[in-house]
């Protein structure tokens, strides 16, 4: 019996990507699709790459429309998910691809989002210690942010193994789809092609507290994070370059061992052979994560780098992976580790 | 019982793409992978996006290595396929993604390739009238060139319906992967990013006689073709802008009707709703073709435009589609009409 | 004594480009800069590449602000130039980079723009026969559209020499800056990177009548034009691929001779040596035009291809070149034929 | 009287860029141009963007050919500059755009380049304390590496002011032209478009000791450097994201003051207004440097970010700037702070 899924916010990038993945999922049947300003339009116009859904028409995002599904994916502006989830009732699996339920600390939420904290849902990063158990059977999932996904998968093995000092320095480059589909002058093709630029510098990016939360949980103590995101001239992909001082006595071998231990059994996270480095093109369109790590002995720092597709593993792929776990389906079902390259 | 497939030339772009698609094909098991200068290397180094095959090692391209498979895909430099095919015997399905067996006219081959003509195999463009019957049960397939695929699917409906005069003017833009993986200065990222440039202008491109062959077959009489390919700053995709004078009495309605008739039942070729135009991003990574057509009444020309992924439908996807037909499998098996966008 | 220049619409791409060029012009002093919604903002924020003007602040676009300059460049939405020009008086050189005064035929204007025709000003394409005489001393200049600049320079030599039949087929690829700086979803970097797509197909693009006007003038009789513009994944540049049937008796030599004759003395238009083809990267940021032409003898068509920078020679560079002529300055003053490549 | 300049290695990216800049330099006359494998070819084929030099033909790189010039720019593979310079004699200004004479420490050279150290020449980064005096009148200049230029200009103000701890963490993204024009598979457009990837991770990049040298000189004591370069999908530009722990007591105001003091009088280095961040597009083709700095108080780190054009200020522009100083010309002569954007 198929899982019936609805997508709220189907005209945006996260919504489109979750539909792309659900179309390839053998156990899912796509139900209602909703939008706001785009309600009434054909999906063929809004998401012309989703050919099998071209004739579907967006409906309004209301509880009535979303009712009667087994799973509802929310790709809504932040602050709107709680009200929708409440109306859907406790038996529907609600997968929130927005930020509302990611943070555990209400003060963090208020500082970075300027509104009341809606709560905390099980966090959909199955690779974190204990996460699969928390996701199994849940009916509420907070999908991680794209940067926190990339950064956490690059650094948690070091913190879980206790080999890194408690200050991480992270510079990440993201494709432009991470900024969404709302048209802004700085996101025009004319502006972004040929240009790299930073934003949210100095701790101001909203993904910072989420990264701190994840790394601190892995470390068992507070990790401070300097996080600088940059916008790269590509549509998709995140390359996260992360580093931290190695603790005294840490060797190249112990670094490698920590990562092999943490990632060996992960179906989607691939620790590359020594000497090979991640590239966002290699994971384009897939749920795979490439990770590499090295100890720079001249400065005593662990350098860990990851590449993900920000829309796939970084958003919609992570959402489907967690949905699979929640529903008791095989975790890899409908997801691919094969990138579209070149 | 799985179909066992080998790929000769697995380190290049066509070889990599056919592997990407075969990995998602439910009836295919991937056997031997061969290369030339790359024999002995891990596929994880050469094709880092094909994670499930990362530990496979390329072998030499020999008959021994390729023996014992049901299907052998050839992604070899032109002129090499005949010898390999002969050694494989008549019962193995040989799918040649190169040019050797596409042309029916030996003089055309000699003029454009400067060597002896190897012969003609059933042509792997199932959408052409009569093609599916010719492909069913065959053990030899000549996969069309990428430009001929895009151009033919844009224009054959007009010629098959007898609504277009016999001179077609075609300007097509291709992503750089169409030029292959052999490093040349003019294909460096530094050169191609931010630049559009033509090549093979004035009838010199080797795909010209293949386009003439296809359109003439559709028309039932010789069609002359002015074909100008251009290199576009993107990795994948072909946008083919094609036009021909409309015959007297042709109307916008008769143009539309001709295309609806020709394409209505095609699983991969999608005639867009009026007013919507193809975009290569919409078919990125997929086997789908977007086509749109209009009659420019001010000049009496039919303008037909198509978008394909040059590596997918334009090469490896077309190859798998034809393989499915040859083997009696469902034509769409393992192939997708969903693009990876944005 | 310096020429004092004002720019109305200084926050957009055309306005920014004319400022970039005027900053390098030895006889020009930059005066008032105006915007509409951006009035009051620093240019350093709006045009961060124009470092020497970073502290200038945009004023409102009013006759008072624009008064007292020798030259006023208008980069305004269409329909607004006439009123501004009238207020500036007949002694000020008004260079309109918009469309308002390009077309000679009021019916064409009304058909393509849907408003009353404002009139016709001397057309700023100095390379056209007789154009320099018409521009000398004028106080009103209509700067050509970017596509008409590229197409006309590729084809007028054929029509002026009487070697081409009267139907031209043109497919042109433009960088995204041609679509302006107003944010629209289809112009987002996420949408345009990796994608080629057509628009205004079937004769609907507003530059069509301007191309017809220019080629017809060169031919001395009506030339019909099939024009298909496409959007290419690059910020700047136009590659125009143009063709027309050769008249009977035309040879490769007569084609070459026609182009050499028409372009030999042009300072900015460079007929490439045989065998070399234009590339938009080669003219990036410059006022140069690369042209190549060949006779495709297999189909009897003249194929002429040009590359320009749509913002430079295609807009602001053409504007400055015509300003130089109008003011009696050396035509090349302040303009470069050196592209920024790679 | 014009300065007569020769360029050895005129077919590559550095050579092409220095020619682009010298063509715009009012006091320079371009003399001999040399290549190696390209000797005998027209520059119009090799550097089609340099229209005024299209008919120049490359000569062999010999002392005879290079003799008789006032300045010789060397854009040669490393290890070749010393022999050429010696033959040119002490009165010719030799500007080496390669690495040979940048490092002061012979052990560093041997470790990173694996050959004997050729020596140390005056270092062509005029913005460093004392550099202009050392460059004035010199006849030998070692042009800095592109990454060291970007990183040093971002961080030296902090070290010169004594506000930063002695470990810097640097992640820089470079356009592909930094890797040169020699064709390699990983630099193909198909590979780099849409992809970000690191290289030389863990201290292995040859620019690391040069960065250490510069920052240590500014600090007056050894600064350790973790440097990770990444390849970005753009032809030009470096964005360097640099950080270091702030020393105790450092405030946002003291950080800003240190940068204002160090950069206030620099003609090419522009400390952006607070809240605005560098973008490589803004300095495209220009000698300008954009710098911004902030104190991230949550983690106590100074984050300094710079954007340069790697070929201009990062190579050829820096070379011309230093040449101007050496010859007693105005430092800004022939150089621009205006980027080509969008």
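The values are calculated or read from the model by the stated rules, or taken from the named source; none is laboratory data. Given the structure is predicted, the values throughout are model-derived calculations rather than measurements. Glycine gets a Cβ as well: all are built from the backbone with ideal geometry, and neighbour counts include every protein chain shown.
What to note about this one:
- Tallying residues that are out of contact with any strand residue (DSSP E or B) (no Cβ under 7 Å at 6 or more places or on another chain) and under 29 Å from residue B:179 (Cβ atoms) within the range B:66-85 yields 6.
- On the stretch given as the range C:296-325, residues that are more than 17 Å from the chain's Cα centre (by Cα) and surrounded by 23 or more Cβ atoms within 10 Å (Cβ to Cβ) total 4.
- All positions within the range C:15-37 that are at pLDDT 95 or above, more than 9 Å from chain D (Cβ to nearest Cβ) and assigned to a loop (DSSP other than H, G, I, E, B): C:25, C:26, C:27
Yes/no matrix, rows are residues, columns are (1) modelled with pLDDT of 95 or more; (2) away from chain A (no Cβ under 14 Å); (3) within 15 Å of the chain's Cα centre (by Cα):
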site	(1), (2), (3)
D:83	no, yes, no
D:113	no, yes, no
D:128	yes, yes, yes
D:134	yes, yes, no
D:138	yes, yes, no
D:142	yes, yes, yes
D:160	yes, yes, no
D:171	yes, no, no
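This table checks each residue for (1) out of contact with any helix residue (DSSP H, G or I) (no Cβ under 9 Å at 6 or more places or on another chain); (2) surrounded by fewer than 23 Cβ atoms within 10 Å (Cβ to Cβ).
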position	(1), (2)
D:8	no, no
D:14	no, no
D:20	no, no
D:25	no, yes
D:33	no, no
D:41	yes, yes
D:45	yes, yes
D:49	no, no
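- Selection of the range C:79-99 for residues being part of a loop (DSSP other than H, G, I, E, B) and surrounded by 15 or more Cβ atoms within 10 Å (Cβ to Cβ) yields C:79, C:80, C:92, C:97, C:98, C:99.
- Check on residue B:150, part of a strand (DSSP E or B), within 14 Å of chain C (Cβ to nearest Cβ), touching a strand residue (DSSP E or B) at 6+ places or on another chain (Cβ under 6 Å) and farther than 30 Å from residue D:177 by Cα: no
- Scanning the range B:45-56 for residues that are under 26 Å from the mean Cα position of the chain (by Cα) and more than 7 Å from every other protein chain (Cβ to nearest Cβ) turns up B:46, B:47, B:53.
- Looking only at the range B:69-78, residues that are in a loop (DSSP other than H, G, I, E, B), in contact (Cβ under 8 Å) with a residue 40 or more places away in the chain and within 17 Å of the chain's Cα centre (by Cα) come to 2 in all.
- Of residues in the range C:210-252 being within 12 Å of chain B (Cβ to nearest Cβ) and in a loop (DSSP other than H, G, I, E, B), the one farthest from residue C:179 (Cα to Cα): C:222
- Residue list for the range A:205-231, restricted to those being in contact with a helix residue (DSSP H, G or I) (Cβ under 7 Å, 6 or more places away or on another chain) and more than 24 Å from residue D:244 (Cβ to Cβ): A:206, A:210, A:214, A:218
- Here D:241, D:251, D:228, D:208 are screened, and the one residue that is free of Cβ contacts under 8 Å to residues at least 60 places away in the same chain and under 19 Å from the mean Cα position of the chain (by Cα) is D:228.
- Only one entry of B:285, B:334, B:339 meets the criterion of being at positive phi and buried (at least 24 other Cβ atoms within 10 Å of the Cβ), and that entry is B:285.
- Scanning the range D:178-204 for residues that are touching a strand residue (DSSP E or B) at 6+ places or on another chain (Cβ under 7 Å), within 11 Å of chain A (Cβ to nearest Cβ), part of a loop (DSSP other than H, G, I, E, B) and farther than 18 Å from residue A:240 by Cβ turns up just one, D:203.
- Which numbered condition residue C:305 fails, given (1) free of Cβ contacts under 8 Å to residues at least 60 places away in the same chain; (2) within 30 Å of residue C:181 (Cα to Cα); (3) at the interface with chain B (Cβ under 10 Å from one of its Cβ atoms): (1)
- Residue A:167 vs. criteria at the interface with chain D (Cβ under 9 Å from one of its Cβ atoms), over 27 Å from residue A:82 (Cβ atoms) and touching a residue at least 12 places away in the same chain (Cβ under 8 Å): yes
- Taking (1) closer than 28 Å to residue D:43 by Cβ; (2) in contact (Cβ under 8 Å) with a residue 40 or more places away in the chain in turn, residue C:264 satisfies each apart from (2).
- Residue B:175 vs. criteria at the interface with chain C (Cβ under 9 Å from one of its Cβ atoms) and either in contact (Cβ under 8 Å) with a residue 60 or more places away in the chain or crowded, with 22+ Cβ neighbours inside 10 Å (or both): yes
- Condition check for residue B:267: more than 10 Å from chain C (Cβ to nearest Cβ) and modelled with pLDDT of 95 or more: yes
- Scanning the range D:270-293 for residues that are within 22 Å of residue D:129 (Cα to Cα) and either touching a residue at least 24 places away in the same chain (Cβ under 8 Å) or away from chain A (no Cβ under 14 Å) (or both) yields D:270, D:271, D:287, D:288, D:289, D:291, D:293.
For every residue, the table says whether it meets (1) surrounded by 19 or more Cβ atoms within 10 Å (Cβ to Cβ); (2) modelled with pLDDT of 95 or more; (3) more than 23 Å from residue C:233 (Cβ to Cβ).
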residue: B:166; (1), (2), (3): no, yes, yes
residue: B:187; (1), (2), (3): yes, yes, no
residue: B:245; (1), (2), (3): yes, yes, yes
residue: B:252; (1), (2), (3): no, yes, yes
residue: B:263; (1), (2), (3): yes, yes, yes
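- Sole exception among (1) within 10 Å of chain D (Cβ to nearest Cβ); (2) over 27 Å from residue A:17 (Cα atoms) for residue A:259, by number: (1)
- The listed residues are A:205, A:270, and the only one of them that is surrounded by fewer than 24 Cβ atoms within 10 Å (Cβ to Cβ) and closer than 30 Å to residue B:283 by Cβ turns out to be A:270.
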